[in-house]
Amino acid sequence: MSAIAAVKGTVFVLRNWKSLTIAGVLILILMAGLLLGANMSQQQPAGDLNSPLGVAKVPQHISKWKELVLEYTTKQGIPEYTDFLLALMYQEIGNSQTLDIMQSSESVGLPPNAIQDPAISVDLGVRHFKTVLEKGQEAGVDFAAIVQSYNFGSGYIQFVASNGGAHTVELAQKFSLKQAGKLNWSCSDWRAPFCYGDYTYVQKVMKNLDPSAISTGGDVSPLGKAAFETIMSEAKKYVGWPYVWAGAHPDTGFDCSGFTQWTYAKAGIKLPRTAQEQYDVSSKIPPGEARPGDLVFYTGTYETDKYITHIGIYMGKGKMFDSNGSGIGIHDISDPYWKSHLVGFGRIAL
């Protein structure tokens, strides 16, 4: 019986070989698609491509440079980008032991890794980032385009600005192909034919930044978890935007009190318009009792007859989210300037 079954099976295969072949090919395509999908899923970055906010997910040989990076970001007036730049540093040098930790040599016309002083490398790297950051903000492009410009150079900013203002992998490929053609560059690695820079740079940097590690108040916020997370979600949309005097709407930009009024309104909390008025309606609390979602107030930051001249959203751990002269972002209230102007904290009654 087994011999007869074998013969019948052979005849079936011979008669239906075309159908079986097509079915086999379809199965292989389906399996390949599933494997590709799984692989792509594993490669998705953890961070928000358009937000520099988060905590750097980097090994110790990168995190040990945090104080050095903070020193230079503070000098350049952008300390809120410290963790982001550690994430960028990890992408730049990986697990290598080079002391050109921000790969700044080539940006100043030197051979790769010619700079072997970490302080010089960080100084140049932070300056370069600040340059593309300011150019990107002026051109109105998204943060992802600014990140990619650290790799491509500031020419990418204008390219994105003239193509909708938002970075995409496709735009990065077009720019890379264009620049490679100008320089007559070719390559045979995974980038080919996009041989200028790394068109996947944004995704690689941002996977090193964990946005969930930012304090979102949770149950410790007097506003409640849902309200505080709503405020933070809205606030993060405007990181890097410049301070705009009398601004109180995304169409115009924000000053300090316009920013708090707008973001709190998203959580259904109505604040009056000015910093002084917001101070007046808040319940004053000692610094030791301040919690995420409270307001922090300052005086004397500019000439006016009002006592309160600046306001921020307290984040906990000595941080505030505000709009000031360096732009919208998270800032350190222990900074000497802010300490010298601090009035205190207030809580909004719900």
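The values are calculated or read from the model by the stated rules, or taken from the named source; none is laboratory data. This structure is a prediction, so every number in the text was calculated from the model and none was measured. Counting neighbours? That spans all protein chains shown, and the Cβs are built from the backbone with ideal geometry, glycine included. Side chains are part of the model used for accessible areas, which takes the heavy atoms of the whole protein and leaves out ligands, DNA and RNA. Shrake-Rupley method; radii C 1.70, N 1.55, O 1.52, S 1.80 Å.
Worth a mention:
- Matching residues in region 232-267 - criterion: being modelled with pLDDT under 95 and among the hydrophobic types (A, V, I, L, M, F, W, C): 232, 235, 239, 241
- Check on residue 245, of a type in the set (Phe, Trp, Tyr), closer than 16 Å to residue 327 by Cα and without any contact (Cβ under 8 Å) to a residue 60 or more places away in the chain: yes
- Checking each residue in region 301-350 for being within 27 Å of residue 137 (Cβ to Cβ), open to solvent by less than 50 Å² (accessible area, probe 1.4 Å) and free of Cβ contacts under 8 Å to residues at least 60 places away in the same chain picks out 301, 309, 310, 311, 312, 314, 318, 320, 333, 338, 341.
- Test: residue in region 228-248 that is open to solvent by 70 Å² or more (accessible area, probe 1.4 Å), in a strand (DSSP E or B), within 29 Å of residue 147 (Cα to Cα) and of a type in the set (Ser, Thr, Tyr): yes
- Considering residues of region 77-136 that are outside any helix (DSSP H, G or I) and of a type in the set (Asp, Glu) only, the residue least open to solvent (accessible area, probe 1.4 Å): 100
- Entry remark, region 327-350: residues being in contact with a strand residue (DSSP E or B) (Cβ under 8 Å, 6 or more places away or on another chain) and in a loop (DSSP other than H, G, I, E, B) number 3 in total.
- For region 140-176, a residue qualifies if it is among the hydrophobic types (A, V, I, L, M, F, W, C), within 26 Å of residue 251 (Cα to Cα) and within 17 Å of the chain's Cα centre (by Cα), and the qualifying residues are 141, 143, 144, 145, 146, 147, 157, 166.
- Tally of residues being exposed (fewer than 12 other Cβ atoms within 10 Å of the Cβ) and either in a loop (DSSP other than H, G, I, E, B) or among the acidic types (Asp, Glu) (or both) across region 165-200: 7
- For region 217-227, a residue qualifies if it is touching a Pro at 6+ places or on another chain (Cβ under 9 Å) and either surrounded by fewer than 16 Cβ atoms within 10 Å (Cβ to Cβ) or at pLDDT below 90 (or both), and the qualifying residues are 217, 218, 220.
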